[in-house]
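Below is one structure; the comments refer to it alone.
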Amino acid sequence: YSLVNDETADFTEANLDLAVRWTDGPGDLEGVALGPAERVIAGTGDWIAWPGDPNPGGEDLGPPSLQAGDAGQALAAAAAGMGKARVPAMLAHSWAGAGRGVPLGAAEPCPRAPWLVAPVPQWRQKKVKALVAFLTGA
């Protein structure tokens with residue numbers, strides 16, 4: 001398996017089987033939600049932006065001073081004391097459960113959730129079915 005950091009990866013060009021995306025649904029792909037549509041604020045201080053939350057402080061505050069490449073990097077920056085970031089609750093809680101110290105706010109609903117997505121033909125592959133079963137606990 002390969003993990004890539006590309007929300008718009010083309011399955012035909014990149015030879016991908018599955019992708020995990022932080023989105024409001026599977027779009028025109030087949031998909032299953034991996035967790036709730038919730039986010040939390042992790043850390044304290046100035047805002048940390050990432051592509052899934054590019055302007056967390058709002059338009060009137062201007063762009064954040066720190067830009068991360070993805071939610072994991074934003075969370076790592078928050079854990080390192082570099083500020084605060086709104087990140088997927090599932091990701092933040094997995095960090096907390098692994099003993100990585102980062103202050104977390106209460107979970108709040110949001111329009112996006114972590115989705116496992118792929119074109120319909122990929123869902124028929126034995127290896128894809130096995131990975132989906134493992135990730136979803138089915």
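Each value in this text was obtained by applying a stated rule to the coordinates, not by laboratory testing. Predicted model, so just to flag it, every value in this text is computed and none were measured. So basically every Cβ, Gly included, is an ideal-geometry build from the backbone, and we count neighbours across all protein chains shown.
Data for the structure
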read-out	value
The chain, relative contact order [Cα under 8 Å, separation at least 6], %	37 percent
Per-residue HN-Hα couplings for region 49-59 [Karplus 6.51, -1.76, 1.60; θ = phi - 60°; Hz; x = Gly/Pro]	9, 8, x, x, 8, x, 9, x, x, x, 4
Candidates L61, L116, L34: whichever shows maximal mean-square fluctuation once the chain is modelled as a Gaussian network with Cα springs under 10 Å	L61
Cβ-derived FRET efficiency at R0 30 Å, E13 paired with K129, nearest 0.05	0.80
A107 paired with N55, simple spin-label distance in nm, labels 7 Å along Cα-to-beta-carbon	2.9 nm
Residue-wise HN-Hα coupling along region 125-138, computed from phi with Karplus coefficients 6.51, -1.76, 1.60 (Hz; x: Gly, Pro)	6, 4, 5, 5, 4, 5, 5, 4, 4, 5, 5, 9, x, 7
